[in-house]
1. May I ask you to verify whether Lys258 is within 14 Å of ligand 1 (Cβ to nearest atom) and at negative phi?
2. Look at the stretch 625-676 and say how many of its residues are β-branched (Val, Ile, Thr) and modelled with pLDDT under 65.
3. For Glu335, are the conditions met, namely being open to solvent by 10 Å² or more (accessible area, probe 1.4 Å), assigned to a helix (DSSP H, G or I) and within 16 Å of ligand 2 (Cβ to nearest atom)?
4. For residues that are within 15 Å of Ala328 (Cα to Cα) and touching a residue at least 40 places away in the same chain (Cβ under 8 Å), tally how many sit in the stretch 380-407.
5. Would you mention how many residues in the stretch 161-206 are farther than 20 Å from Thr35 by Cα and among the β-branched types (Val, Ile, Thr)?
6. Given the criteria within 13 Å of ligand 1 (Cβ to nearest atom) and of a type outside the set (A, V, I, L, M), does Gly357 qualify?
7. Would you check which residues across the stretch 299-327 are of a type in the set (A, V, I, L, M), within 16 Å of ligand 1 (Cβ to nearest atom) and touching an Asp or Glu at 6+ places or on another chain (Cβ under 9 Å) and list them?
8. State yes or no: is Leu311 closer than 16 Å to Phe396 by Cα, over 31 Å from the mean Cα position of the chain (by Cα), outside the structural domain of Arg583 (by TED's automatic domain parsing) and not polar (S, T, N, Q)?
Amino acid sequence: MAESKKTTDLHSEIKYLKGVGENRARLLGKLGIKTILDLMEHFPKLYISRKLSAHLEDLKPGDMLAFTAMISWVDVHTSLKGKKILNIGVSDGKVGLICSWFTYPPVYEKLFIPGRLVWLNGTISEFNGQLQMVHPDFELIDDSEDTKDDFWKKREVLPVYPLTEGISQKLMRQLMYNAFSLYTGLIEENMPEYILTKHHFLERHIALQKMHFGQNPQEIEIVRRRFAYEDFFYSQLLWARHKLFHTTTTTGINFINKKQLTTALYRKLPFTLTSAQKKVLWEIFNDMCSEKQMSRLLQGDVGSGKTVVSLFAMLLAVENDYQAAMMAPTEILAEQHYETISQLLKDSEIKVCLLKGGVYKGKEETKNAIAEGEAQIVIGTHALIQKDISFKRLGFACVDEQHRFGVEQRARLARQALHPDLLYLSATPIPRSLAMTVYGDLEVSILDELPPTRKPVRTIIRPSSKIDTVYIEVRKELEKGRQVYIVCPLVEESEKISLLDATKLYEYISKKIFPEYPACLLYGKMPVKEKDAIMKRFKAGEIKILVSTTVIEVGVDVPNANVMIIEHSEHFGLAQLHQLRGRVGRGSEQAYCYLIEHQPVSDVAWQRLTTMTKTTDGFIIAEKDLELRGPGDLFGFEQSGMPQFRFANIVRDQEILKIARQDAFEVVRSDPDFSQIKNAIVKKMYHHQYTKKEELILY
Ligand code: ADP
Ligand code: MG
C-alpha cells in the first residue's frame, strides 16, 4: 500500500487516499473514481438495515418486500433432471421463509452461512403450502470478520455501493470512512445561497455525508434530490446560454420554397406521404425558410419514414443552389441511404455522392466534387466532418441516429461557414413531456404515424420449454425464402448469470436445428469490418439466419427478414425489445416476433412482455416503460441516446428537472454572464465544468 500523502485538494488522485495505493486506484478507476472527490460522490445504490425486520407473519403470495433476516439453514440438492437447486431458510426471529435459486453461480454455495444476517428483496410466492422467494436480490451483512475500525459495526443502516471486481463492499465502506474523516472540511459548495434557501437544500458537505452515513432512508432520499438538481441545473444553464447565444448572434440561410425539385419528388414517390410526414415537413420547411439556423430533432419510430422526409429537406436546399449532406453512424447505413436516395432521384440531374472513411478508389474525385460544389447531395459517415473535407456551399445537413454522435461531432456540422440548417434524426420514442426538456435547445418534430402499408408485427410470447414449436413455425418461413434474426442477451457464458449465450445458441442452431441454412454469429466486440461484412451478406440474402447479441445495426433495412426470435426476452427493457422488433416487418410479408421467456419471470418483466403483444406504438411503449421502471432500473436505457447524468435519473426526477430548468433559464435571462455577486459560485462552477463544452457547441 502506498504511503498516504498529505492531501489538500479533493481533486488529488485517489491513489493518495489512505488505504488505496496504485493497485486499488486502478480498480476504482473502473468505477469512474479517479479523484478523492469522485469517491465521495460515488453514491450507494441502496441502503440496508441490520435490524431484523419482524413482519414475515402476515405475508401472502404476491407481496413484494425488502427485509433483513438471519440465515437458519442452507441446503443444496439435485433435482430429478440433474439440476442443482439452492435453498436457504431465513427467519425474522419468529417466522421462517425459504429462498430458492434454480440457477446460480457456484460461489453462492459458499456465501450463505447459518447465523449470518442477510438483506433480501423480492416477491413472495407459495410452493406446496410453504412461503417462498425465488431468486431474490440479496446483500450479506458482513460484520463477522475483524474490522479494525468499528465505525460501521455500530451503524444500523448501511450503504451498499456499486462495486467492481477486487473491491469489496467492506473495503468501499472503509474508504468512504477514511475520505470523510480526513477531508470533509475541503468540500466546496457549488450552489448559490439563494438557490439553497429557495429549495431548502442542505449545504453540500452535509448533504454528501448524509448520502453515505445517513440513517434514515426517507431523509436520504430528500438529500439525493439536491444532487439531481445540481446535475440538471448546470446542464440546463448550458442550454439556456446556448439558446440565448443562438437567437441573438447566428443567422442561417433564408431558403425559398420554389416547389421545383420537391414537387417533382412528391409526384414521383411510389407512395403517398402520411399526414404525420406532411406535418413535420411543414415544420421543417418553415424553419428553413426563416432567418434562423434550424436546430431540429425529428423523432419518429422505427419505420416511420424519416429518410424520405430528410430527402425533401435536402432538395429544398439543392433547389436554392446549396449543397446538402446526410451523416450516418456506420458505413452500411450510409450505403443504404445512398442507394435509396439515388434510386428516388435516378431520373433527375442531381448529383448524389457517397463519402466513406479510409482510402479507396475514387475518393479524391468525390472530395473534389464536394469542394467544387458539384456534389449536390453528399451522404457519408464520420468522414464528412474530417478536416480534409470542405464543402463549397453546405446549406443543410441531417444526422441519422443522432445519439450515435457526440455533441462535438454534431457541432462541427453546425459550425460550417454558412450556418447550415440542421436536422437530427432519432428513432427513440421518448415521451413528449421529456423530449422537450431533455434536448434543451432543440426544437422537436414528432412523426407519430407509420405508413399504412405496414402490417403490424405479430408478437408471440413462448416459454423456453416450447421452443421446438417456434422452430417448426420458423422453418416454414425459411422454406419460403425468408430470413431470421435470433437475439440473445449475452455472447459468452458468464460467471455472474447463467443464461443461454449467443455462442452456444449459434452452435446449436447451425448444427442441430437448421443445418441446411447458412447462419452467422454477430456480436458487439467483433471488429467493425467483420460486422459490416456479415451485415452486408445478410442484407444480400446469402446468410439466412443471424444469431446475435443486441448489436444488430439500428436502422438497417432488410425487408426479406420477417422473423425475430428474442431469447431470454424477460431480461430486456421495453425500449430495447421495441427497437429489436423494429428490425422486422419492413417488407410486404407478415412478420413475427417471438419473445422466448425462461422462468423465473418477474411481475415487471411479465408486464413488459405483455405490453409488447398489445401494441406496436413506440410512444405508448415509451410511456409504459416510464411507468414500469423502478429506481435504478436503467436496462437498455443507456443505448437509447438519452443524456447521462451523475446523480439524476431522468425518469424518476422529472419534477426536479422542470424546476432546475426554470431556475437555470431565469438565471441566464437576468444575468447571462453570471457577473452578479450572488452568482459568483455559479460562475466558478460553470467555468470549471462547462466552458469546454460550451466552446464545442456555441458557434
Ligand atoms: P426510419 O424512420 O426507420 O428511418 P425509413 O425512412 O427507413 O424509416 O422508412 C422505412 C420504409 O418505409 C422505407 O422502405 C420507405 O421507403 C417506406 N416509406 C416511407 N414513407 C412511406 C409512406 N408514406 N408510405 C409507404 N411507405 C413509406
Ligand atoms: Mg432510418
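1. Numbers: within 14 Å of ligand 1 (Cβ to nearest atom): no; at negative phi: yes.
Answer is no for this residue.
2. If we filter the stretch 625-676 for residues that are β-branched (Val, Ile, Thr), which is where we start, we get 650-651, 656, 659, 667-668.
When the remaining residues are screened for being modelled with pLDDT under 65, the result is none.
Within the stretch 625-676, residues that are β-branched (Val, Ile, Thr) and modelled with pLDDT under 65 number 0.
3. Values: open to solvent by 10 Å² or more (accessible area, probe 1.4 Å): yes; assigned to a helix (DSSP H, G or I): yes; within 16 Å of ligand 2 (Cβ to nearest atom): yes.
Judged against the criteria, Glu335 is a match.
4. 16
5. Pass one, the stretch 161-206, residues farther than 20 Å from Thr35 by Cα: 191-203.
Imposing the further condition that a residue be among the β-branched types (Val, Ile, Thr) reduces the set to 195, 197.
Summing the residues that are farther than 20 Å from Thr35 by Cα and among the β-branched types (Val, Ile, Thr) in the stretch 161-206 gives 2.
6. no
7. Across the stretch 299-327, the qualifying residues are Ala313, Met326, Met327.
8. Details: closer than 16 Å to Phe396 by Cα: yes; over 31 Å from the mean Cα position of the chain (by Cα): no; outside the structural domain of Arg583 (by TED's automatic domain parsing): yes; not polar (S, T, N, Q): yes.
Taking the combined requirement at face value, the residue does not satisfy it.
The values are calculated or read from the model by the stated rules, or taken from the named source; none is laboratory data. Source: prediction; values computed, not measured. Heads up, the Cβs are rebuilt from the backbone with ideal geometry, glycines too, and the neighbour counts pull from every protein chain shown. Surface accessibility is based on the protein's heavy atoms, side chains included, excluding ligands, DNA and RNA. Shrake-Rupley method; radii C 1.70, N 1.55, O 1.52, S 1.80 Å.
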